[in-house]
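The values are calculated or read from the model by the stated rules, or taken from the named source; none is laboratory data. These figures come from a predicted structure and were not determined experimentally. Remember, those area values only see protein heavy atoms, side chains included, never the ligands or the DNA or RNA. Shrake-Rupley method; radii C 1.70, N 1.55, O 1.52, S 1.80 Å.
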There are 2 protein chains.
Amino acid sequence: MVQAKSDLFNADLNERAMLFKALAHPARLRILQFLAESESCITGDISDELPLSRTTVNQHIKELKEIGLIQGQIDGVRTKYCLCKDKVEELKVALQEFIDNLDINNYKCK
Amino acid sequence: MVQAKSDLFNADLNERAMLFKALAHPARLRILQFLAESESCITGDISDELPLSRTTVNQHIKELKEIGLIQGQIDGVRTKYCLCKDKVEELKVALQEFIDNLDINNYKCK
DNA sequence: TTTATTTGACGCAAATATACGTCAAATATT
DNA sequence: AATATTTGACGTATATTTGCGTCAAATAAA
């Protein structure tokens, strides 16, 4: 990258793009789905659920954790993960805003 | 990639991830925004709007076109772009579904 | 204490994404 | 006809993502 990436676009746009990027892989979507459904949310259980190595799954978990969508709680040698309520709410608002912005009748080409 | 990517996850998950990926760059979000607001939607006008070279913008436009969110209409030497109504509606439904799936009270960690 | 589990950090290779210059084709303008 | 504009295809360089094996640390089990 030649230029400072973060300066090229406004902050809102950058942040929204990052949110979408966090959701842009089926493994990460599956992890979120699993956490939304599951009773237990141990790292190992999540790995077992996905057709990827534990290491790779761990990396996806890390990404979701870094963006704040999930959180981990150490429980002995294990780590329990779950959806982070606040961030999920934030995500919902962002998605709704995005949808609303596209809600126009400006389809000039058709 | 060692394995066949498309077989690892179910089709819905893959397709949704692809949609999110299309939205995972500020330039592409800006293009959608611009098309939603703009009267004119000529390729050149879009490039002028973004802090990237025309070539790069063109590439982002191509991605959005390939996933079906926008469509182009040749008008002499120019090309007019606009949001593709049907796909935008589809996107809205997908986002809403995604939101609904996360709408749980299963926050075990907190 | 010794051995087994579970986890995350680290490093590496391959695949993709991003950014951009150049070029040729098509159309407009002169 | 000659020149200018607009566009997309192509090639290329760099950055990032993805996937995974190995390893050490922490805890649990024997």
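When the solvent-accessible area of the range A:8-101 is split by element, carbon and sulfur atoms take up 47 percent of it, the probe being 1.4 Å. Take the accessible area of chain B alone and of chain A alone, subtract that of the pair, and you get about 4700 Å² summed over both chains, using a 1.4 Å probe.
Which of B:20, B:34, B:98 moves the most in a Gaussian network model of chain B with Cα springs under 10 Å? Of B:20, B:34, B:98, the Gaussian network model singles out B:98 as fluctuating most.
Compared with its chain on its own, the range A:43-86 contains the following residues whose accessible area drops by 30 Å² or more in the full protein assembly (probe 1.4 Å; ligands, DNA and RNA excluded): A:51, A:71, A:73, A:82, A:83, A:85.
Classification of the range B:1-105 by its C-alpha gyration tensor yields a prolate form. The axis ratio a/c (a ≥ b ≥ c) is 1.5 or more, and a/b outweighs b/c. Counting every Cα pair in the protein assembly as shown, what percent are over 22 Å apart? Here the long-distance tail beyond 22 Å is 54 percent of all Cα pairs in the protein assembly as shown. Relative contact order, whole percent, for the range B:5-101 stands at 24, derived from Cα pairs under 8 Å and 6 or more residues apart. Distance from the C-alpha centroid of the range A:35-98 to that of the range B:59-94: 33 Å, rounded to the whole angstrom.
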